Amino acid sequence: MFLTSLLASYNDYFKDENGKHYDYPDVWTAFAKDSLGSVFLWVALALALILLCVGLLVKRKKPESFKGYLSAAVSLSIGFCATVIVAMLALEFYDMAESGAVFDMVLYPSVVLAGVIVIGAAAGYVATLFSKKAFKITLITALSAAGAALLALLVCLGVYLSSGSAEENNGATITLTENAVLYVSAAALIGLLLFFALFFGRKDKKGFDSKAVSYAAVCIAMSFALSYLKLFRMPQGGSVTAASLLPLMIYAYMFGPKKGIFAGFVYGLLQAVQDPWLIHPAQFLLDYPLAFAGAGAAGLFGSMKKLDKLPQVQFALGAVVASAIRFAAHVLSGVFAFSEYSTLDNVWAYSLGYNSFVFIDIAIVIVAGVLVLSSRSVAAQARKFRPKEEQPQAEETAAE
């Protein structure tokens, strides 16, 4: 019965209102991605509910065992995330290779980069369980491999975008004026993010130590996995997800905007691998690394002393700024790179309306983040990672 229903659903999956199939080269991979994504979504919700119930029980009955429970919960979550990433990326890359949606010179370095990041994050987390020396060796190896893969990807991406094939493949034509505005917009957003990182993160004199790197890797991987759990998908890229930016924004709140913006930038590169709508170099920057680097703004108000007893408000304010940055990046890209896709005469109105999904996505993150930080123990733990001069009331909050 279930198999019959599944086959019928597959048969109707890509039919238009006239009953004809869309011209899609690999219907089964698209169907598999959406179906598997739905399965993973329900599994994630069930897993979260089970972990929450068990966590409350352990904390109430055996408080001394709560730290062990947290370690087990993190390990289980990482295992689930790795499963999601490997399964969905395998389908994604197969789909792209078969349909020719992405130039081969971009596809293969993307596969290598994604593989290195996933394996490196898992290996780094395991290495922290042994010794600092093991973690350091793993970190250097993983970063070297990821750096080489990223450099190869960026070179190939530059060749692809500058060749003009990207515009032709996507049915877009970018004028000289639009070209200039795209570059100016990307440069302005880079300047804003640098200002946030340097001004609001000026007290953060510490570099990326072992904890900062390992937490960044885990949070990026978790956000990347959650980004596959889509509540609904937009036709020209973009989607509302199951709070996919929550781990990344919690990381920014814990470690500050400087490290948060960098982690968001890396996550944005992974998003370009996952859902590549590539037309123009500046459009690539706006829609991917810069838009998601804005998630680091979630840490802007983490050191505001007046709100130190209200971590939920600190996080929510930062998340609002993050959503504004992401929205601005997508709107500018939509107006000056995707104007051909507009269904309205006013391309600004179309881009503003189309990209409003960002606020729904961030609203889900804010609700989830406020719930997480409503736990005093979690909020106190998050404050421990701030630079020393930025945690004036950490002990007081922990004592409460």
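The values are calculated or read from the model by the stated rules, or taken from the named source; none is laboratory data. Values in this document were obtained by computation on a predicted structure and should not be read as measured data. Please note: Cβ atoms are built from the backbone with ideal geometry, for glycine as well, and neighbour counts cover all protein chains shown. Areas reflect the complete protein model, heavy atoms only, side chains present, ligands, DNA and RNA absent. Shrake-Rupley method; radii C 1.70, N 1.55, O 1.52, S 1.80 Å.
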(request) Calculate the spin-label point distance for LYS384 paired with LEU194, positioning each point 7 Å from the Cα along the beta-carbon direction, and give it in nanometres. (result) 3.6
(message) Can you give me the distance in nm between label points at GLU340 and VAL54, each placed 7 Å from the Cα along the Cα-to-Cβ direction?
(response) 5.1
(message) Ordering PHE359, PHE327, PHE130 by accessible area with a probe of 1.4 Å, largest first, what comes out?
(response) PHE130, PHE359, PHE327
(message) I want to make sure I understand the PRE zone here: with the label point 7 angstrom from the Cα of LYS306 toward its beta carbon, which residues in region 367-385 have backbone N atoms less than 20 Å away?
(response) none
(request) Could you pull out every residue, at least 5 positions away or on a different chain, whose amide H is within less than 5 Å of the one on PHE301? Hs are placed 1.01 Å off N in the peptide plane, and Pro or chain starts have none. (result) GLY318
(request) Please calculate the 1.4 Å probe accessible area of ARG233, with all protein chains present, and give it to the nearest 10 Å². (result) 130
(message) Which order do the peptides 309-318, 241-250, 288-297 come out in when sorted by mean C-beta neighbours inside 10 angstrom, highest first?
(response) 288-297, 241-250, 309-318
(request) With a 1.4 Å probe and every protein chain left in place, tell me how much accessible area PHE31 has, in Å² to the nearest 10. (result) 20
(request) Give the ranking of TRP42, TRP277, TRP348 by solvent-accessible surface, highest area first, calculated with a 1.4 Å probe. (result) TRP42, TRP348, TRP277
(request) Starting at the first residue of region 244-255, write each ³J(HN,Hα) from the Karplus equation 6.51 cos²θ - 1.76 cosθ + 1.60 with θ = phi - 60°, in whole Hz, x for Gly and Pro. (result) 5, 7, 4, x, 5, 6, 4, 4, 4, 5, 6, 9
(request) Multiply the residue gap between TYR94 and LYS62 by 0.36 nm, knock off their C-alpha separation, and tell me the result in nm, one decimal place. (result) 6.8 nm
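About its Cα centre, what dipole magnitude does region 175-248 give when the only charges are +1 on Lys and Arg Cβ and -1 on Asp and Glu Cβ, stated in debye to the nearest 20?
Here region 175-248 has a charge dipole of around 280 debye.
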(request) Read phi for every residue in region 211-223 and hand back ³J(HN,Hα) as whole Hz from Karplus 6.51 cos²θ - 1.76 cosθ + 1.60, θ = phi - 60°, with x for Gly and Pro. (result) 5, 4, 5, 5, 5, 4, 4, 5, 5, 5, 5, 5, 5
(request) For LEU231, list long-range residues whose amide hydrogen, built 1.01 Å from N in the peptide plane, is under 5 Å from its own amide hydrogen. (result) VAL240, THR241, ALA242
(request) Run the accessible area of region 226-371 with a 1.4 Å probe and give the carbon-and-sulfur part as a rounded percent. (result) 72
(message) Under 5 Å between amide hydrogens, which residues at least 5 positions from SER342 or on another chain qualify, with H placed 1.01 Å from N in the peptide plane?
(response) none
(request) Step through the table entries LYS61/LYS306; LYS203/LYS305; LYS230/LYS309; LYS62/LYS211, compare each Cα-Cα distance with 23 Å, and write down the pairs that go over it. (result) LYS61/LYS306; LYS230/LYS309; LYS62/LYS211
(request) List, in order, the whole-Hz ³J(HN,Hα) value for each residue of region 134-141 obtained from phi through the Karplus relation with A = 6.51, B = -1.76, C = 1.60 and θ = phi - 60°; use x for Gly and Pro. (result) 4, 5, 4, 5, 4, 4, 4, 5
(request) From largest accessible area down, sort ASP345, ASP204; use a 1.4 Å probe on the protein chains. (result) ASP345, ASP204
